[in-house]
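First up is the structure itself, then whatever we jot down about it.
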Amino acid sequence: QVQLVESGGGLVQAGGSLRLSCAASGRTFASYTMGWFRQAPGREREFVAGLTGSGDSTHYADSVKGRFTIARDSARNTVYLQMNSLKPVDTAVYYCAAKVWDRILPLNEFRTWGQGTQVTVSS
């Protein structure tokens, strides 16, 4: 069972950048499909980005395409979310998630979650 711990959240001005990290435990981390999700106050959790275990496929929400990038460093058992050109609407708690299948969809297959990290973008 993989365990996930996010870090890197904080307060940033609109137009700025942040890089979130998700450190994973477990020997089979490299084979897991990883995803980033977010939940803003009063809203449902939504998908942000995903990366297959094989590394051959990524998928992004339309709202972050061209601004966010998901990447994995298997040697460090870490997945990253590089967020550029941040907007106030990106303010949310960001969660890292993992699943064993080598596919991003369907999203309800993500069963392992981190505790979340807060990202606040000021205008």
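What does the convex hull of the alpha-carbon atoms of the stretch 81-123 project to on average, in nm²?
In nm², the orientation-averaged hull projection of the stretch 81-123 is 3.8.
Largest first, how would Asp102, Asp90, Asp56, Asp73 line up by accessible area (1.4 Å probe)?
Result of the area sort, largest leading: Asp56, Asp102, Asp73, Asp90.
Taking just the C-alpha trace of the chain, give me its Rg and Dmax in Å.
For the chain, the Cα-based Rg and Dmax read 13.4, 42 Å.
Calculate, in nm to one decimal, what Gln82 and Ala14 gain on full extension: separation in residues at 0.36 nm each, minus their alpha carbon distance.
Numbers: separation 68, 0.36 × 68 = 24.48 nm, distance 1.49 nm.
Full extension of this stretch gives 23.0 nm more.
For the stretch 51-123, count the residues as N, evaluate 2.2 N^0.38 Å, and divide the Cα radius of gyration by that value, please.
Compared with the compact-globule rule of thumb, the stretch 51-123 sits at 1.16.
What is the Cα centroid distance between the stretch 11-34 and the stretch 44-123, reported in whole angstrom?
7 Å
Can you tell me which of Val48, Val64, Val89 moves the most in a GNM of the chain? Springs connect C-alpha atoms under 10 Å apart.
Of Val48, Val64, Val89, the most mobile in the Gaussian network model is Val89.
Per residue, how much accessible surface does the chain expose to a 1.4 Å probe? Answer in Å², no decimals.
Using a 1.4 Å probe on heavy atoms only, each residue of the chain averages 51 Å².
For Thr28, what accessible area in Å² do you get when you roll a 1.4 Å probe over the heavy atoms of the protein chains, rounding to the nearest 10?
Roll a 1.4 Å probe over it and Thr28 shows about 70 Å².
If you roll a 1.4 Å probe over the stretch 12-95 with all protein chains in place, what percent of the accessible area is carbon or sulfur?
The nonpolar share, carbon plus sulfur, comes to 45 percent.
By accessible area of protein heavy atoms, probe 1.4 Å, what ranking do Glu46, Glu109 get, highest first?
Ranked from most to least accessible, the order is Glu46, Glu109.
The values are calculated or read from the model by the stated rules, or taken from the named source; none is laboratory data. In this text, all values refer to a predicted model and were calculated from it rather than measured experimentally. For the accessible areas, the whole protein counts, side chains as well, though only heavy atoms, and no ligand, DNA or RNA atoms are used. Shrake-Rupley method; radii C 1.70, N 1.55, O 1.52, S 1.80 Å.
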